[in-house]
Amino acid sequence: PPAGNESFVLMQPWEFGRLPRDWIEPILDRVDEVWAYTRSVERAYVSSGIPAERVKIVPPGVDPDRFRPGLAPLPLATKKSVKFLFVGGTIPRKGIDVLLAAYRAAFTAADDVCLVVKEFGAGTFYRGATSEAQLAAHRADPNAPAIEYLTADLTDDELPRLYAACDVLVSAYRGEGFSLPALEAMACGKPVIVTAGGPTDDFVPPAAGW
C-alpha cells in the first residue's frame, strides 16, 4: 500500500469466477477501491466478498489511430480467401482446443478457409503451457483445414495490419478478464465470434459479432 493517506487502487483482472481465498482479507484490509475491466470481473470480486461499493468498472480501450479500418493488410503465406484469426496464448483458458475442434468439424482441407493463429507468450509468460504440438499435428494432417501459425513478435504497426489481413476474429475463451483482441478487431472493422456469458458481453453487440 502507498505510504500515508493516499488511496490504494487494485486493478487485477480475474478470469476464474471467484478470487483465491488468500487475496480476500488483504483486499478488505488494505485496498480502497478495485477497478474491474468488465461486469464479469466485477461479479468475481463481489461474489467473493468484496463490497460492491468498492468495485468500479474501468475498462481498457484501444488507440483508434492504430486500430482502424482501411489499413494495408499484413502479408500472409496462405492463399485461402476466407481467414479466421485467433490472437493470444494457445492455452486451455483461451479455448484454443475448443476452437480447433470446431474448426475441424466445420471445414476440411478442400474448403477455401484458413485459421491464422498469432501466438503470444510461448517463450515467456505461457512457456510450456501452449498448444504448439496440437497445432503441429493438425497442420500435418492432409485432410485438415488450413492453419497458418505465427510466432514472431509483431510491431505496433504490424498487429493492426494482421487484423486487416483477416476476415473474422475468433475468441472461444473459457475465461477472460476482457479479451482485448476482440475490441482491437472490432476497431479495425472486423466482426468477432466470442464466448457468451463472459466479459465480451459488455462490448460485443449483436451487430458486431456472434
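The values are calculated or read from the model by the stated rules, or taken from the named source; none is laboratory data. Note that the structure is predicted; figures quoted are calculated from it, not measured. Positions of Cβ are backbone-derived with ideal geometry, glycine not excepted, and every protein chain shown enters the neighbour counts. In case anyone asks, the SASA skips ligands and DNA or RNA and just uses the protein heavy atoms, side chains included. Shrake-Rupley method; radii C 1.70, N 1.55, O 1.52, S 1.80 Å.
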Given a Förster radius of 41 Å and the C-beta distance between Gln12 and Asp97 as r, what FRET efficiency does 1/(1 + (r/R0)^6) yield to the nearest 0.05? 0.95
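Give me the number: length gained by fully extending Thr78 to Glu158, i.e. 0.36 nm times residue separation minus the C-alpha to C-alpha distance, one decimal in nm.
Values: separation 80, 0.36 × 80 = 28.80 nm, distance 1.70 nm.
Contour length minus the Cα-Cα distance gives 27.1 nm.
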Nearest-20 debye value, the range 145-210 charge dipole, Cβ charges on Lys, Arg, Asp, Glu: 240
Given the whole protein assembly as supplied and a 1.4 Å probe, what does the accessible area of Tyr45 come to in Å², nearest 10? 0
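I want to verify the translational diffusion coefficient of the range 1-97 in µm²/s; compute it with Stokes-Einstein, Rh as the Kirkwood radius over Cα pairs, at 10 °C and 1.306 mPa s. Display every interim value, and only then the final one.
Working: Rh = 16.9 Å.
Estimated diffusion coefficient is 94 µm²/s.
Over all directions, what mean area does the Cα convex hull of the range 1-44 project, stated in square nanometres? Walk me through the intermediate numbers first.
Details: hull surface 12.6 nm².
The number I arrive at for the range 1-44 is 3.1 nm².
What is the local net charge at Arg174, summed over the other residues whose Cβ is closer than 13 Å to its Cβ (Lys, Arg +1; Asp, Glu -1)? Don't skip to the answer; put the middle values down first.
Numbers: positive: Arg93, Lys94; negative: Glu15, Asp97, Glu176.
Residues near Arg174 contribute -1 overall.
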Lys pairs under 30 Å by Cα in the chain, provided they are eight or more residues apart or on distinct chains: 14
For a paramagnetic label modelled at 7 Å from the Cα of Asp32 toward its Cβ, which residues of the range 1-20 fall within the zone defined by backbone nitrogen distances under 19 Å? 1-12
List the pair-distance distribution P(r) of the range 43-196, using every Cα-Cα distance, as the percent of pairs falling in each 5 Å bin from 0 up to the bin containing the longest distance, rounded to whole percents. 2, 9, 17, 20, 20, 15, 9, 5, 3, 2, 1, 0
Cα-projected label distance for Ile24 with Asp65, points at 7 Å along beta-carbon direction, nm: 4.5
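Compute the relative contact order of the chain as a whole-number percentage, counting only Cα pairs closer than 8 Å that sit 6 or more residues apart in sequence. Please report the intermediate quantities before stating the final value.
On the way: 364 pairs, mean separation 49.2, N = 210.
Relative contact order comes out at 23 percent.
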